[in-house]
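If you scroll down you'll find the structure; I have some questions about it.
The numbers here are math on the coordinates, done by the rules we state, and not lab data. Because the structure is a prediction, the values reported are computed rather than measured. Cβ atoms come from the backbone with ideal geometry, glycine included; neighbour counts cover every protein chain shown.
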């Protein structure tokens, strides 16, 4: 199986983390290839010529792009182990709705939190807190976003947890204190072997971002 499945990825990508988690949930062996995002490999450019971005899942020589599409592909291809999408059509539709919300609302402000300063960073803080408030409300008292079972929405959002400390440090945000239910959810997810393996150490993320800000922003 390892020679059939290749993942082109970058260690700190919360999107690549989704695909890694899904593969590990299914017990799929794969070859991981770390990409240098400042010098992308010819294989990455060949396999994702439209967006030229990671992650790219290559299965039997054919590329699947976009992380959530990859996760659903993995779930459909290996359906017998740890189902990711609910079997009920309505619950499946709701899961896809919340994943779409996360993808549309989260990455923009999250990137601005560490890549911008001043008014742009302040606007991103307001926007991100609104997103967290919405997700916190949707989670409610459930163990996972879908109820009692770890699933698609959890996979879609858990990668951002590894960046929370960075957001707090560089943007002076209070996430842990303000959203204890989300933190408990993230800690619950992190007990799963697939998540623990996929999420990088928060100190490593913070150092990488701090180095970038010093180099690019002079901070």
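Need one number: the % of Cα-Cα pairs in segment 5-77 sitting beyond the 17 Å mark.
33
Relative contact order of segment 3-113, please, whole-number percent, based on alpha carbon pairs below 8 angstrom and at least 6 residues apart.
Normalised by residue count, the contact order of segment 3-113 is 27 percent.
Across bins of 10 angstrom width beginning at 0, how are the C-alpha pair distances of the chain distributed, in whole percent?
Percent of Cα pairs in each bin: 8, 33, 36, 20, 3, 0.
Just from its helices, what would the mean residue ellipticity at 222 nm be for the chain, if runs of 4 or more DSSP H residues each count -39500 (n - 2.57) and the sum is divided by every residue, rounded to the nearest 500 deg cm²/dmol?
Rounded to the nearest 500, it is -17000 deg cm²/dmol.
Moving to a separate point now. Given the peptides 83-94, 44-55, arrange them by the average over their residues of other C-beta atoms within 10 Å, most packed first. If you can, show how the numbers build up before the last one.
Numbers: 83-94: 14.0, 44-55: 15.6.
Packing proxy ranking, top to bottom: 44-55, 83-94.
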